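This report refers to the structure that appears directly beneath it.
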Amino acid sequence: MTNIVLQAENIAKQYRLGEVGTGTLSHDLNRWWARARGKEDPYLKIGDKNDRTVASESDYVWVLKDINFQVRQGDVLGIIGKNGAGKSTLLKVLSQITAPTTGQIKVKGRIAALLEVGTGMHPELTGRENIYLNGSILGMTRREITRKLDDIIDFSGCAKYVDTPVKRYSSGMMVRLGFAVASFLEPEILIVDEVLAVGDAEFQEKAIGRMQDVSSKEGRTVLFVSHNLLSVRNLCKTGLVLDKGHIAYTGTADEAVDYYRGSIFENIAKTDLTERTEARTNEYFTVKNIWFESDAGESGDHFVSGDKVSVCIAYESQLPELRFLSVGLGLYDFQGAMVSDLWNVSAEGYRASYPSTGVIRCTFPRLPLNEGKYSLSIYVTMKNTVAYALANAASFKVTQGDYFGTGVTPQIGKGRVFLEQVWSFN
């Protein structure tokens with residue numbers, strides 16, 4: 001159809017593990033001999049799928065495989081998935097920074113991509129000079145860039161430093177300027193990776209608003225990668241879920257986020273904690289298990305609002321004692337929105353030391369959560385150094401009950417947390 005501005009057809013990307021460069025002479029000769037005989041490249045048949053949890057048995061890995069989708073003019077496509085799913089590689093292929101191993105990309109119009117801090121910036125040039133440089137790369141005339149210059153500088157908030165070399169900029173300032181340049185120089189397609197997370201909350205809100213304007217008011221297309229699922233829901237019209245280099249789901253943004261969160265809960269249920277290879281840990285400390293206990297001391301993952309519930313974390317350490325230990329629990333609802341950020345030092349202050357091995361318990365005397373599914377992420381530090389971190393480490397389900405003890409089940413609304421409250425009528 002005529003309003004299709006970007007189309008990916010059978011895209012695949014293969015990398016050779018442990019190699020920097022194009023490969024070896026013997027492989028190049030094998031490829032040449034295959035082509036000379038009219039045969040397919042033999043190395044396209046070799047390689048493991050992009051699964052970080054399994055040790056590779058091949059020198060090659062398919063980072064992307066069988067990628068087919070299309071994007072219409074004015075659409076905002078959210079691309080989500082776990083770390084290592086292939087999101088950034090896909091954006092680099094779409095931006096034509098790297099070529100696909102197989103398949104082709106069809107694009108109508110100019111593409112501006114902000115994939116990492118400093119994208120398209122020359123460190124020795126000033127902010128102003130980099131604006132003109134980026135505009136020229138996009139094919140714009142000096143007059144066109146000058147017409148947009150004040151808007152770019154004003155949006156970036158870098159007016160005071162616009163004539164300073166960008167090598168002096170902080171990462172946040174670099175992202176501000178890079179995003180302003182990419183969004184105001186009128187590309188037909190704007191591609192933005194998770195880089196916006198570097199900016200502060202105020203700038204992230206401005207950036208989301210700018211991308212909405214780019215799509216709805218200016219009719220341009222946006223591809224947005226983010227782990228902030230609320231931003232994906234609020235900004236994007238359609239969604240695409242990547243898993244191990246394959247497209248796992250496409251649909252509306254809401255449907256894609258629901259599918260992704262559902263797959264996370266499914267993975268929590270079927271994967272033992274010790275098998276979670278994405279956990280960050282050090283050589284001194286590890287978490288062996290996480291479970292939930294009721295007031296009766298029974299383990300489970302299904303509770304009623306108002307129940308007494310304990311989160312139990314079994315840990316081991318190679319140290320004789322643990323000092324300056326901070327344990328954090330991030331509580332998230334099914335939509336991926338944070339409900340609460342819990343820390344032992346906030347609730348009880350600092351202790352002199354902790355046992356080297358044992359069970360950490362965080363108890364909710366009356367579970368103040370509305371009906372729904374929830375996940376917990378864990379983050380442990382010692383002396384401000386990460387000892388253990390794992391997103392979506394455990395999950396549980398809450399059924400609504402008589403939380404206030406009035407005999408009346410609270411009305412089900414959008415809120416997730418019950419608050420102690422006193423009402424009066426005068």
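The values are calculated or read from the model by the stated rules, or taken from the named source; none is laboratory data. The structure presented is a predicted model; accordingly, all values stated were derived computationally and were not measured. What goes into the accessible areas is simple: the full protein's heavy atoms, side chains included, and nothing from ligands, DNA or RNA. Shrake-Rupley method; radii C 1.70, N 1.55, O 1.52, S 1.80 Å.
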- Message: At a threshold of 8 angstrom on Cα-Cα distance, excluding pairs fewer than six apart, so keeping six or more, what relative contact order does the stretch 362-405 reach in percent?
- Response: 41
- Query: So what are the three principal axis dimensions of the stretch 145-230 from its Cα atoms, in whole Å, longest to shortest?
  - Reply: 33, 30, 18
- More than 35 Å apart: what percent of Cα pairs in the chain qualify? 44
- Message: Give me the percent relative contact order of the chain, please, defined on Cα pairs under 8 angstrom at least 6 residues apart.
- Response: 14
- Message: For Arg351, Arg176, give me the order by solvent-accessible area with a 1.4 Å probe, most accessible first, ignoring ligands, DNA and RNA.
- Response: Arg351, Arg176
- Relative contact order, percent, the stretch 332-426 [alpha-carbon distance under 8 Å, six or more residues apart]: 26
- Item | Cα-based convex hull volume of the stretch 119-272 per residue, rounded to whole Å³ | 139
- Heavy-atom accessible area per residue - the chain, 1.4 Å, Å²: 53
- Quick one: pull the percent of accessible area on the stretch 123-257 belonging to carbon and sulfur, 1.4 Å probe, ligands and nucleic acids left out. 48
- Message: Please compute the alpha carbon radius of gyration of the stretch 206-356, then divide it by the globular-protein estimate 2.2 N^0.38 Å. Two decimals is fine.
- Response: 1.36
- Note on the structure: Per-residue ellipticity at 222 nm attributable to helices in the chain (runs of n ≥ 4 DSSP H, -39500 (n - 2.57) apiece, nearest 500 deg cm²/dmol) works out to -7500 deg cm²/dmol
- May I ask for log10 I(q)/I(0) of the stretch 335-389 at q = 0.22, 0.27, 0.30 Å⁻¹, from a Debye sum over the Cα atoms as equal point scatterers with solvent left out? -1.16, -1.49, -1.61
- Note on the structure: Scattering profile of the stretch 64-199 from the Debye formula, Cα beads only, expressed as log10 I(q)/I(0) at q = 0.12, 0.16, 0.17, 0.21 Å⁻¹, is -0.50, -0.85, -0.95, -1.29
- Message: Please compute the alpha carbon radius of gyration of the stretch 275-426, then divide it by the globular-protein estimate 2.2 N^0.38 Å. Two decimals is fine.
- Response: 1.15
- Item | Percent of beta bridges antiparallel (DSSP, the chain, rounded to nearest 5) | 75
- Area accessible to solvent at Met338, 1.4 Å probe radius, in Å²: 100
- Message: Quick check: the angle from helix 142-156's long axis to the longest principal axis of the chain, C-alpha only, nearest 10 degrees?
- Response: 10
